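The values are calculated or read from the model by the stated rules, or taken from the named source; none is laboratory data. As the structure is a prediction and not an experimental result, all values here were calculated from the model. So basically every Cβ, Gly included, is an ideal-geometry build from the backbone, and we count neighbours across all protein chains shown.
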Amino acid sequence: MLTIEQTVNNLRKLAIGLTAFALTGCSTTLRDAKPDEERWQSLLDTALTQWDNYLSHRFEPGYDGTEPDDAPIGLNQPEGDRVFSTMMVEDEVVLRVSGEIYGAVISKQQYRNYHLRLQVRWGEQKWDPRRDLLRDSGILYHSVGPHGAEWWRSWMQAQEFQVMEGHMGDYWSQATSAMDVRAYAPEYIMNPVASLTQPFLKVGHGEDIAGLVIRSDNHESESDWTMLELICFEGQSLHIVNGSVVMVLKNSRYEKDGVVVPLDEGKIQIQSEGAEVFYKNIEIRSIDSLAEAHQALMTE
């Protein structure tokens, strides 16, 4: 049994060791030295002060999929306040996206190397042209360039973290974007399916595989809020649903003026895409590296 003096000496050594680690370990910055929860920045308030909104077109019943002739509704127009609104629910700010007109709220700030987290829950309303299809939305990240570059002038050039019934965490390339994704190679008419154990496939614009990869597993909550997390670091991404990694991606890129260039920073868009959907606790923090376990997933 240790004597009281030995116990005191051991505790003193432990305290010295912890102090040394805090002062010298991991090339910390003042920001990184903050407790974890203090580093998160909320992106949601009742007035949506950190977001713009953009609307493309209202699709009438019987829409046949052809490109609309009318001009997009545009940026920060009055109709945007109806499609994107907020409410207080049990002292929490909740973003309601009606889905009735295609478009997005767009972060006013650009982000690079970050961890984004938010919670999502479906509403009841559905609209043409997706009235009879699965409820759909999405988080578009690394968004750059003009509004309306993708899908009948609805969204900016970006990468997509799919938010869709049964498909939380799918990957879609937007416009001319592409990424390398850990997934099973597709056969016949199948889409690639993500897997943490498979090699990386080149997916998206300019590649042999079209721009959709199905998430590895379905972790969506059936009747409650679903937690979504997006981790981006130096062109690498992780799609996480309710704590489970469902997609591993790297080498984010897009074609600009005929040249393929990195796509590793930009604005964040949250889509309005034919379904009522609610978001809350939208938060972001900067990161200086991937966690060791996440970095291991990026290595062939």
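Structural remarks
- Residues satisfying the stated conditions in segment 151-163, i.e. within 16 Å of residue 136 (Cβ to Cβ) and either modelled with pLDDT of 95 or more or within 15 Å of the chain's Cα centre (by Cα) (or both): 155, 158, 160, 161, 162, 163
- Only one of the listed residues (196, 228) is touching a Leu at 6+ places or on another chain (Cβ under 8 Å), not β-branched (Val, Ile, Thr) and not in a strand (DSSP E or B). That residue is 196.
- From the list 193, 241, the one residue that fits, being of a type in the set (A, V, I, L, M, F, W, C) and surrounded by fewer than 18 Cβ atoms within 10 Å (Cβ to Cβ), is 193.
- Some residue of segment 197-206 being within 16 Å of the chain's Cα centre (by Cα), touching a residue at least 24 places away in the same chain (Cβ under 8 Å) and surrounded by 15 or more Cβ atoms within 10 Å (Cβ to Cβ): no
- Unique residue being farther than 21 Å from residue 232 by Cα, part of a loop (DSSP other than H, G, I, E, B), modelled with pLDDT of 95 or more and of a type outside the set (A, V, I, L, M, F, W, C) when the list is 166, 123, 148: 166
- Segment 207-216: number of residues that are surrounded by 15 or more Cβ atoms within 10 Å (Cβ to Cβ) and part of a loop (DSSP other than H, G, I, E, B): 3
- Residue under evaluation residue 220, criteria (1) in a strand (DSSP E or B); (2) in contact (Cβ under 8 Å) with a residue 24 or more places away in the chain, criterion not met: (1)
- Of the residues contained in segment 272-283, one or more are found to be among the charged types (D, E, K, R), modelled with pLDDT of 95 or more and over 22 Å from residue 142 (Cβ atoms).
- Any hit, segment 44-55, residues being hydroxyl-bearing (Ser, Thr, Tyr), in contact (Cβ under 8 Å) with a residue 40 or more places away in the chain and on the phi < 0 side of the Ramachandran plot: yes
- Any hit, segment 1-15, residues being in a loop (DSSP other than H, G, I, E, B) and at pLDDT 95 or above: no
- Taken over segment 163-186, the residue count meeting the criterion of being in contact (Cβ under 8 Å) with a residue 24 or more places away in the chain, of a type outside the set (A, V, I, L, M) and surrounded by fewer than 24 Cβ atoms within 10 Å (Cβ to Cβ) is 8.
- Residue list for segment 36-85, restricted to those being surrounded by fewer than 16 Cβ atoms within 10 Å (Cβ to Cβ) and part of a strand (DSSP E or B): 41, 42, 75, 85
- Yes/no for residue 83 being at pLDDT 95 or above, under 21 Å from residue 274 (Cβ atoms) and touching a strand residue (DSSP E or B) at 6+ places or on another chain (Cβ under 6 Å): yes
- Boolean, residue 37 is modelled with pLDDT of 85 or more, closer than 22 Å to residue 279 by Cβ and of a type in the set (Asp, Glu): no
- Total residues in segment 251-300, condition in contact with a Leu (Cβ under 9 Å, 6 or more places away or on another chain), surrounded by fewer than 21 Cβ atoms within 10 Å (Cβ to Cβ) and either polar (S, T, N, Q) or part of a loop (DSSP other than H, G, I, E, B) (or both): 3
- Condition met for residue 99 (at pLDDT 95 or above and out of contact with any strand residue (DSSP E or B) (no Cβ under 9 Å at 6 or more places or on another chain)): no
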